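K.L.:
Supplied in structure tokens, the structure appears directly below.
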Amino acid sequence: MNITTPQKTSKPKKGVLYSVMTNLTFWVLIAIIAGIFLGHFSPENGVKMEILGTKFIALIKLFIGPIIFLTIVLGISGMGNLKKVGRIGIKALTYFEVVSTVALAIGVGVAYFFKPGKIDKSGLTLGDASQYTKGAAEHFSWLHFFFSNFTLQVLLAAIICGIALNFYKKREQTILVLERFSKVVFLGLKYVMYLAPIGAFGGMAFTIGKFGLQTLVPLGKLMLCVYLTMALFVFVVLGSILRYYKIRMLSILKYIKEELLLVLGTSSSEAALPSIMVKLEQMGCSKSVVGLVIPTGYSFNLDGTSIYLSMSVIFLAQLYDVHLNFFEILSVIGILMITSKGAAGVTGSGFIVLASTLTALHKIPVEGLAFLLGVDKFMSEARAITNLIGNTVATIIISKSERDFTELNLDPVVEE
């Protein structure tokens, strides 16, 4: 079934040039290209641009807490069915665990098939991995995970407030106040997003300037395997899940293209968290599902990180000629099912988790992380983009399964 856009009243037609020049996606793409050129031809100045990327992400983070809180509170209080809240939560966590485990298994399988670690490590550049290996012996702690995860803290507080609001006598008046405040917050986000090209430029210029394109050559096989695996996961695994609900993956990617480019430029999926919540509501997902699934997914549904971690472990095992039997491979997947939850969408966190996983395995030298430092930054873009797509798909699927998806006749999201 094809969704057609309802006829609108005729407006003066804008030229193609005007449409392009006023398109945020176009400017983010231009900024990324400019950042690559600056970082490559003037590394010193490229590195100096880091402040533009970090300041933009810091600005976006100011909106994450209020948007998550308001979306969840308004969603739960407007739902009027607390059993549904619990059902959505259980359904989301079950979905996350199944899909993340599939991602881990695919990463291991592709790494064994292509053997990216079967190269001469004497020619690889060593980085300083001491900042990651020092604390690698620490065991994973759910308590530490919670207190170090701001998104999860806001999520819990919002769920409690949303449930409590259902029993409050002045519920309607409170909801009206929160809705007005919500409009102000989202309006502020709209204006901040106009700065996205600046943030993307700074992030990309810094990455290329500091690490250089030449670092990609020695570990090019690993890079290629990681990107290929993530593409397979997105189009085959997630694409098949969407296909069941008669939605095309390309339609979804087209719809969230601004967020994808923003993540590509900044290497952080957090940069797109507030805007993707807005997009999903506009697409037709209910406020309650978006509010519960997206924040939870940013902590428990990191598909890209799962693929990267599993492939990196096998890569280092191959690099050091360490043979892992079937039981040990299952142990790797089991350990990563827990430790990967500690990589809560923050740039570089996946690398810290990898160090902890290698230490827990007691077989692969944790010092091998030094070989990955040069290209880890380039793979963080793939991780963050895959994480974003995975959480977008999860929200749509859960919303569909709950029959809580409103057909809003948006062109990019075409059903068949």
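The values are calculated or read from the model by the stated rules, or taken from the named source; none is laboratory data. Keep in mind the model is a prediction, meaning the values are calculated, not measured. Please note: Cβ atoms are built from the backbone with ideal geometry, for glycine as well, and neighbour counts cover all protein chains shown. Protein only, heavy atoms only, side chains kept; ligands, DNA and RNA dropped before computing areas. Shrake-Rupley method; radii C 1.70, N 1.55, O 1.52, S 1.80 Å.
K.L.:
State which residue pairs qualify: first residue under 20 Å from I67 (Cα atoms) and inside region 162-174, second residue part of a loop (DSSP other than H, G, I, E, B) and open to solvent by less than 100 Å² (accessible area, probe 1.4 Å) in any location, beta carbons under 9 Å apart, and separation of 6 or more residues or different chains.
P.N.:
N166/G80
K.L.:
Restricting to region 144-155, count the residues that are under 19 Å from I90 (Cβ atoms) and loosely packed, with under 15 Cβ neighbours inside 10 Å.
P.N.:
1
K.L.:
Right, here's the next one. Could you tell me how many of the residues in region 350-363 are open to solvent by less than 10 Å² (accessible area, probe 1.4 Å) and more than 20 Å from the chain's Cα centre (by Cα)?
P.N.:
3
K.L.:
Tell me, please, whether a residue that is open to solvent by 70 Å² or more (accessible area, probe 1.4 Å), closer than 22 Å to T266 by Cβ and over 21 Å from the mean Cα position of the chain (by Cα) can be found in region 213-235.
P.N.:
Scanning region 213-235, I find no residue that is open to solvent by 70 Å² or more (accessible area, probe 1.4 Å), closer than 22 Å to T266 by Cβ and over 21 Å from the mean Cα position of the chain (by Cα), so the answer is no.
K.L.:
If you go through region 361-396, how many residues are within 17 Å of Y308 (Cβ to Cβ) and either among the charged types (D, E, K, R) or in contact with a Cys (Cβ under 8 Å, 6 or more places away or on another chain) (or both)?
P.N.:
4
For (1) of a type in the set (K, R); (2) farther than 16 Å from I276 by Cα, each residue gets a yes or a no:
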{"position": "R180", "(1), (2)": "yes, yes"}
{"position": "A196", "(1), (2)": "no, no"}
{"position": "G203", "(1), (2)": "no, yes"}
{"position": "I208", "(1), (2)": "no, yes"}
{"position": "F211", "(1), (2)": "no, yes"}
{"position": "V237", "(1), (2)": "no, yes"}
{"position": "I256", "(1), (2)": "no, no"}
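K.L.:
Can we say G265 is surrounded by fewer than 22 Cβ atoms within 10 Å (Cβ to Cβ) and touching a residue at least 40 places away in the same chain (Cβ under 8 Å)?
P.N.:
Criteria not met by G265.
K.L.:
Criterion first (at negative phi, under 24 Å from the mean Cα position of the chain (by Cα), surrounded by fewer than 22 Cβ atoms within 10 Å (Cβ to Cβ) and of a type outside the set (A, V, I, L, M)) does G107 satisfy it?
P.N.:
Spelling it out, it is not the case that G107 is at negative phi, under 24 Å from the mean Cα position of the chain (by Cα), surrounded by fewer than 22 Cβ atoms within 10 Å (Cβ to Cβ) and of a type outside the set (A, V, I, L, M).
K.L.:
I need the full set of residues from region 46-62 which are in contact with a Gly (Cβ under 7 Å, 6 or more places away or on another chain) and in a helix (DSSP H, G or I), in order please.
P.N.:
Scanning region 46-62 gives G46, V47, E50, I51, L52, G53, F56, I57.
K.L.:
List the pairs whose first member sits in region 276-291 and is under 17 Å from L155 (Cβ atoms) and touching a residue at least 24 places away in the same chain (Cβ under 8 Å), whose second member is open to solvent by less than 10 Å² (accessible area, probe 1.4 Å) and outside any helix (DSSP H, G or I), and whose Cβ atoms are under 8 Å apart, counting only residues at least 6 apart or on separate chains?
P.N.:
Once the first residue is under 17 Å from L155 (Cβ atoms) and touching a residue at least 24 places away in the same chain (Cβ under 8 Å) and sits in region 276-291, its partners that are open to solvent by less than 10 Å² (accessible area, probe 1.4 Å) and outside any helix (DSSP H, G or I) give I276/I256.
K.L.:
Report yes if some residue within region 140-153 is at pLDDT below 90, of a type in the set (F, W, Y), part of a loop (DSSP other than H, G, I, E, B) and more than 28 Å from R383 (Cα to Cα); otherwise report no.
P.N.:
No: zero hits.
K.L.:
Now for a separate question. Tally up the residues in region 289-320 that are open to solvent by 10 Å² or more (accessible area, probe 1.4 Å) and either over 21 Å from L373 (Cα atoms) or modelled with pLDDT of 90 or more (or both), please.
P.N.:
4
K.L.:
Then there is this: Would a scan of region 211-229 turn up a residue that is of a type outside the set (D, E) and touching a His at 6+ places or on another chain (Cβ under 9 Å)?
P.N.:
Yes: one or more hits.
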